[in-house]
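The values are calculated or read from the model by the stated rules, or taken from the named source; none is laboratory data. All values derive from a computational prediction rather than experimental measurement. In this analysis, Cβ positions are derived from the backbone assuming ideal geometry, glycine residues included, and neighbour counts consider all displayed protein chains. What goes into the accessible areas is simple: the full protein's heavy atoms, side chains included, and nothing from ligands, DNA or RNA. Shrake-Rupley method; radii C 1.70, N 1.55, O 1.52, S 1.80 Å.
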Amino acid sequence: MLSRIADSIYWMSRYLERAGDTARLMEINLLYLLEAEEDMSEGDKWRPLLSITSAKTAFSGLYGEEQITEGRVLQFMTAEKSNGNSIRTCLRLARENARIARDRISREMWEAINELWLNVDQQLKTPLHPLRASQFFSTVRSEVARFHGLTTTTMMRGEAYGFYRLGTFLEQADMTARILDVKYHLLLPDLKLVGSALDYYQWAALLKSLSGYEAFRRKHHAGFRPMDVVEFTIFEQEFPRSLAYTVKRVRRALADTGITGKQRSPAAMEQLEGMLAGNSAEQIFSTGLHEFLEGFLVAVAALNQAAQADFLDTHMEEP
């Protein structure tokens, strides 16, 4: 298949997944604020969202360093055109890439993503009010999940499907690592609060952000020990958003895209898998969770660059 079509399918899935993940983060943060400590400043409540999405610099350039408010973050993360990771921008780019690859995706997929974009674009023509924000985020998240379901049941299996899955699972791995890293370094303001009610709600919010709260509670009945949460979100093979699960699916997706004969992607894939092989939560805590997650994100970026070089930047002829 033409590399420009492969590139469009890959980024269609990444941008769509990013929009859904951002909506989930915003929705959970709104719910978390109801349970958070009253003495937390508005900036402390919303700053982690900007850190997770690497948007602090862009936000500060637009509003100023110390101007973090609920209304501004809602606007910036949902509708701001200058924010490359806003929900509106991600859905616009996902829809544009889907349009380019229309002959390789199903009619149901195109109709779903086109309808989602049109609805979101219409809703965000006016500022998103906090009172309707939760419903908006829930709708975006549900529609992204519906698109994935339609893709699973209507898209032909082959190289195109492999690029779709590669983009989806790489984006999930990246987001899981970012959320876990920010929780460990930013969400807990004081080490003396470890084990407090605030700490409890933050770990619970992290798991809810990954749609893993109920699954974690079924497996662990003794509360939210940081070691258990890290073990679950990194190594649990049955949890769909754990790093171990997503990396395994990335490997399968690469095989579907035709990895045989390529050089960069297999090496980058081995490096990513090596971050998890023979490792454990105890070892990661002893050497540094932040350092591990930072290295994992670098490995994800390296695989993205390798895939671009092997598959997406080299224009191939249609057979």
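One line per residue, one yes/no per condition, for (1) over 23 Å from SER51 (Cα atoms); (2) small (Gly, Ala, Ser):
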residue: LEU210; (1), (2): no, no
residue: GLU214; (1), (2): yes, no
residue: LYS219; (1), (2): yes, no
residue: ASP228; (1), (2): yes, no
residue: ARG249; (1), (2): yes, no
residue: ASP256; (1), (2): yes, no
residue: SER286; (1), (2): yes, yes
residue: ALA301; (1), (2): no, yes
residue: ASP310; (1), (2): yes, no
The condition from (1) of a type outside the set (S, T, N, Q); (2) open to solvent by less than 60 Å² (accessible area, probe 1.4 Å); (3) free of Cβ contacts under 8 Å to residues at least 40 places away in the same chain that LYS125 misses is numbered (2)
In region 96-153, anything in a loop (DSSP other than H, G, I, E, B) and closer than 18 Å to GLU80 by Cα is listed as LEU124, LYS125, THR126, PRO127, LEU128, HIS129
Considering region 280-313, residues that are outside any helix (DSSP H, G or I) and open to solvent by less than 70 Å² (accessible area, probe 1.4 Å), and then whichever is modelled with the lowest pLDDT, we arrive at GLY288
message = It is to be established whether one or more residues within region 185-195 are in a loop (DSSP other than H, G, I, E, B) and modelled with pLDDT of 65 or more.
response = no
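Mind counting the residues in region 229-271 that are of a type in the set (D, E, K, R), in contact (Cβ under 8 Å) with a residue 40 or more places away in the chain and not in a loop (DSSP other than H, G, I, E, B)?
Initially, region 229-271 is screened for residues of a type in the set (D, E, K, R), giving 231, 236, 238, 241, 248-249, 251-252, 256, 262, 264, 270.
After this cut, where a residue has to be in contact (Cβ under 8 Å) with a residue 40 or more places away in the chain as well, the list is 231, 241, 249, 252, 256, 262, 264.
Add one more test, that the residue is not in a loop (DSSP other than H, G, I, E, B), and what stays is 231, 249, 252, 256, 264.
The qualifying residues number 5.
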When restricted to ALA244, ALA277, ALA215, the only residue open to solvent by less than 70 Å² (accessible area, probe 1.4 Å), small (Gly, Ala, Ser) and within 28 Å of GLN305 (Cα to Cα) is ALA244
Assigned to a helix (DSSP H, G or I) and at pLDDT 95 or above: is that true of LEU74 in this structure?
no
